[in-house]
1. Looking only at residues in segment 518-529 that are touching a residue at least 24 places away in the same chain (Cβ under 8 Å) and farther than 21 Å from Y347 by Cα, which one is surrounded by the most Cβ atoms within 10 Å (Cβ to Cβ)?
2. Step by step: first the residues of segment 376-399, then only those that are in a helix (DSSP H, G or I), surrounded by 14 or more Cβ atoms within 10 Å (Cβ to Cβ) and of a type in the set (V, I, T), then the one that is modelled with the highest pLDDT. Which residue is that?
3. Within segment 109-117, can one find any residue that is more than 27 Å from T212 (Cα to Cα), of a type in the set (F, W, Y) and assigned to a helix (DSSP H, G or I)?
4. Suppose we filter segment 253-266 for residues that are surrounded by 14 or more Cβ atoms within 10 Å (Cβ to Cβ) and closer than 29 Å to G299 by Cβ; how many remain?
5. Taking the criterion of being of a type in the set (A, V, I, L, M) and farther than 30 Å from K543 by Cβ, would at least one residue in segment 40-54 satisfy it?
6. Looking at segment 338-351, which of the residues that are touching a helix residue (DSSP H, G or I) at 6+ places or on another chain (Cβ under 9 Å) and free of Cβ contacts under 8 Å to residues at least 12 places away in the same chain is nearest to M412 (Cα to Cα)?
7. Can you confirm whether G45 is in a helix (DSSP H, G or I), surrounded by 20 or more Cβ atoms within 10 Å (Cβ to Cβ) and outside the structural domain of S209 (by TED's automatic domain parsing)?
8. Go through I492, I496, I484 for me and flag whichever is at pLDDT 90 or above, under 25 Å from W145 (Cα atoms) and surrounded by 15 or more Cβ atoms within 10 Å (Cβ to Cβ).
Amino acid sequence: MILKNPKKQQVVIYGFVFLSAILFFVFGLYHLEKFETVDEHFWKGERVPQYWEALKNQNWKKTYINDKPGVSVALISGVGLLAEPNPEEHRIRDSKITENENYTVYDSNKTDKINFSLRFPILLFNALFLVFFFWIIKKITDNDWLALLTMVFMALSPILVGMSQIINPDALFWVFSSASIFSYFALLKTDERKFIRLTALFLGASLLSKYTANILFPLFILMFFSDLVINFSAIKDKQGVKEYILKQLKYFLIITLASVAIFSLFMPAVFIKIKYLYRGTIGSPALESIFSIIIAFLGILLSDALLLKSRVIETMAKFFSKNKQIIFKITAFVLLGFFIFILINPYLKNPIVPLSDVKEEAFIDKDLIFPMLADYNPILKLITKVAIEIQPFLFSLTPIIIMAILFLWGKMLFGKLEQYQLPVFIITFFTLLYFVATLFSGVLANPRYSIILYPLYAFLAAVGIYEFSNLTKIKKILFQRNNIWMFLIIIIFSGIFSLWKIKPFYLNYESFLLPKKYVVTDAWGYGEYEAAQYLNSLPNPEK
């Protein structure tokens, strides 16, 4: 208990919840209409209007607006069409002005209004959705303080604020994918049926946002199997391994079918061309290569449960459960090693992991190739390549989040992970799997491609801070005269400082832990608006 009066404590907590959402919204609102980014014009001028026009005319095939597929963007950003119904008129098609399409010309008088009208709904939606994250984390942890810290870290993340300003599938993918993951954690903890519905709803919305969401299907399997391992004794005594496996397989089937139904309902093009359904689910780049492995594993689980009463899985789970702290330590050691190595690397006289022109010079035929790696053995090559993938993500986290997570992993490695074992282990292990997957997919994981991880790392950082605050000496200091609230205010101000420092281009945030001579993020089109405004201010700009 932080305050002696529980009612006062709740008022203070909800006050900070409100403050966090407001800060996210205010920073996102700043400069909202006065910038341009790469590819956004396709959504403003073509895809969002096309979706709503297709619904209006019942031209279901046209609801397939992109291979992402980005339907969630059309649904939420499309609210802005009420204020600006014809954003496609932003582009001037007059052959005399464009010199027979030699130039792409836009009506600059309409730019700000179109930008604001279509971006504002996404920003507002994400700001309001932060309250859901507070609620769901509270359900997972039974801890108001931890739920509040997680929300604060999300709300003050420059990457999440910046992404929420942009009309792009990733602007909503981070919301729906993390909501689906946290809802599934809540399902495993409480076994309440409402979390089946929430997981399915947000998974369906994730699929409507970006095909990368298909990675959640194998993640959910990993989650319920890990739950069995971590809580083996309790599960065996309460319901039995066979019953648990059959129940989780049933839940997984319901979630899968319901999410696909939601996907199909809001993108009825799948009823015209079944290949759209295939591309959005099992045929997506994120799932196609491992789909057969997933089906085989589920088949083994089901066969073992029905034919052998889950004896094989029970033996495996029992073994892993006895050694779970060792598994935690190994996982923490690997990620801790990568993070420390990447943090030290820029300060080496000859950095082992390259920091300059990685995207331009490293990828050849979808493989990371550097002359310096030529003499490395295969294991060192793999380690270096994974470090290259992690590097942009790590340096786009705020220093306080990095320090909190390093502390948490250090505690896992040198002590014991006692609380919140399942979510902490899954998020840590998933990080490694995610970056190895991006490596073998031939994708250099810039912050936008890693957007799914930022909300999860907000939770990890919150757990790290919470574990740190529970150290005996620290606990005495923090809980004396309610210093814990001053500590929270310091965290909030550090987040405000990071946002203020990078404004208005939040998506280009890089931690001060990265030397200023290096840049590990893309420009993402920032500066185009300002360049156009400057050119338009010159005499005879049409010349």
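The values are calculated or read from the model by the stated rules, or taken from the named source; none is laboratory data. In this text, all values refer to a predicted model and were calculated from it rather than measured experimentally. Cβ coordinates were reconstructed from backbone atoms using ideal geometry, including for glycine residues, and neighbour counts include every protein chain displayed.
1. If we take residues in segment 518-529 being touching a residue at least 24 places away in the same chain (Cβ under 8 Å) and farther than 21 Å from Y347 by Cα, then W524 is surrounded by the most Cβ atoms within 10 Å (Cβ to Cβ).
2. Looking at residues that are in a helix (DSSP H, G or I), surrounded by 14 or more Cβ atoms within 10 Å (Cβ to Cβ) and of a type in the set (V, I, T), I get I390.
3. yes
4. Summing the residues that are surrounded by 14 or more Cβ atoms within 10 Å (Cβ to Cβ) and closer than 29 Å to G299 by Cβ in segment 253-266 gives 9.
5. The initial filter retains those residues of segment 40-54 that are of a type in the set (A, V, I, L, M), namely 48, 54.
After this cut, where a residue has to be farther than 30 Å from K543 by Cβ as well, the list is 48, 54.
The answer is yes; a qualifying residue exists.
6. Checking each candidate, the answer is P351.
7. Numbers: in a helix (DSSP H, G or I): yes; surrounded by 20 or more Cβ atoms within 10 Å (Cβ to Cβ): no; outside the structural domain of S209 (by TED's automatic domain parsing): yes.
Against the criterion (in a helix (DSSP H, G or I), surrounded by 20 or more Cβ atoms within 10 Å (Cβ to Cβ) and outside the structural domain of S209 (by TED's automatic domain parsing)), G45 does not qualify.
8. Working: I496 fails: surrounded by 15 or more Cβ atoms within 10 Å (Cβ to Cβ); I484 fails: at pLDDT 90 or above.
Result: I492 is the single residue among I492, I496, I484 that is at pLDDT 90 or above, under 25 Å from W145 (Cα atoms) and surrounded by 15 or more Cβ atoms within 10 Å (Cβ to Cβ).
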